Amino acid sequence: MSTATSTDHERRRLGRTALWVSPIGFGGASLGIKGYLSDEDRTSATFREEAIGAIHLALDGGINLVDTAPGYGNGRSEAIVGDALVGRREEVVLTTKCSIDTAGTPERWQANLEASLRRLRTDRVDVLQFHGATYTDELLGRMLSCGIVDWAEEQKRLGLTRFIGITAENSSSALEALVRSERFDVLQIAFNL
């Protein structure tokens, strides 16, 4: 993994982790979501080839943070990232997400994570984040009572992720409560200049 001193590229510490990342990361939403930023066919071989080339160009330019999610094109983004990182996995801090499936079971959560790892062609991610939108008090209560946060912490102990985090589209008192719980290492919150 990159450290603050092992590269000529600028690095910043990611949240409460020991990971050092480029200030700009490579986001995978546009790799999988139809109509996201362009009308290109995300399923075409040409698009896949260009996307892999873009990831390689980003890595060659010093970007070492790659963020994706199974929800970006029903796993398509993760599969493209996985193909792009063959032989280069150790160059990046790799993050993906899991849904906040409060009606699910540990077995279902595990199966979904294992599917992500297969698509990403790796045995672990550096950060597993809950793929959130707006956190409400009701969602907060379900998250804390269903065991999904405990399950994510167990993935750290098992070595399937090094850290866990939350993504959010906006702030709320429920999100603040999750932050104050100190159970998360990384926060990815939408911020528009």
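The values are calculated or read from the model by the stated rules, or taken from the named source; none is laboratory data. Just so it is clear, the structure is predicted and the values come from calculations on it, not from any experiment. Just the protein is used for accessible areas: all its heavy atoms, side chains included, with ligands, DNA and RNA removed. Shrake-Rupley method; radii C 1.70, N 1.55, O 1.52, S 1.80 Å.
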request  = On the protein heavy atoms, probe 1.4 angstrom, tell me the percent of accessible surface of the chain carried by carbon and sulfur.
outcome  = 52
request  = Once you've got the GNM for the chain with C-alpha springs shorter than 10 Å, pick whichever of ILE24, ILE80, ILE148 has the biggest mean-square fluctuation.
outcome  = ILE24
query = Taking 0.36 nm per residue of separation and subtracting the Cα-Cα distance, what length does fully extending ALA111 through SER44 add?
reply = 21.4 nm
note = Candidates for Cα extents along the principal axes in Å are (1) 53, 37, 26; (2) 44, 42, 29; (3) 44, 39, 37, and the calculated one carries label (3)
message = With angles folded into 0 to 90 degrees, how steeply does helix 106-120 sit against the dominant principal axis of the chain? Use alpha carbons for both and round to 10.
response = 10
remark   = The helix 137-146 Cα axis meets the longest alpha-carbon principal axis of the chain at an angle in degrees, between 0 and 90 and rounded to 10, of 90
message = Need the C-alpha centroid separation for segment 38-69 versus segment 82-103, integer Å.
response = 14
task = Express in nm, to one decimal, how much length is gained between ARG12 and ASN170 on full extension, taking 0.36 nm for each residue of separation and deducting their alpha carbon distance.
result = 54.6 nm
query = Top mean-square fluctuation among ARG121, ARG13, ARG76, Gaussian network model of the chain, C-alpha springs under 10 Å?
reply = ARG13
key: Choice from LEU14, LEU139, LEU128 with maximal GNM fluctuation in the chain (Cα, 10 Å cutoff)   = LEU139
ask   = Taking 0.36 nm per intervening residue step and subtracting the Cα-Cα distance, what contour gain separates ARG89 from LEU158 on full extension?
value = 22.9 nm
task = Keeping every protein chain in place, order TYR135, TYR72, TYR36 by accessible area at 1.4 Å, biggest value first, i.e. largest first.
result = TYR36, TYR72, TYR135
query = Given a 1.4 Å probe and the protein chains all in place, what does the accessible area of LYS156 round to, in Å² to the nearest 10?
reply = 70
key: Of every Cα-Cα pair in segment 14-69, the percent that sits beyond 15 Å   = 54
key: DSSP bridge orientation in the chain - percent antiparallel, rounded to nearest 5   = 10
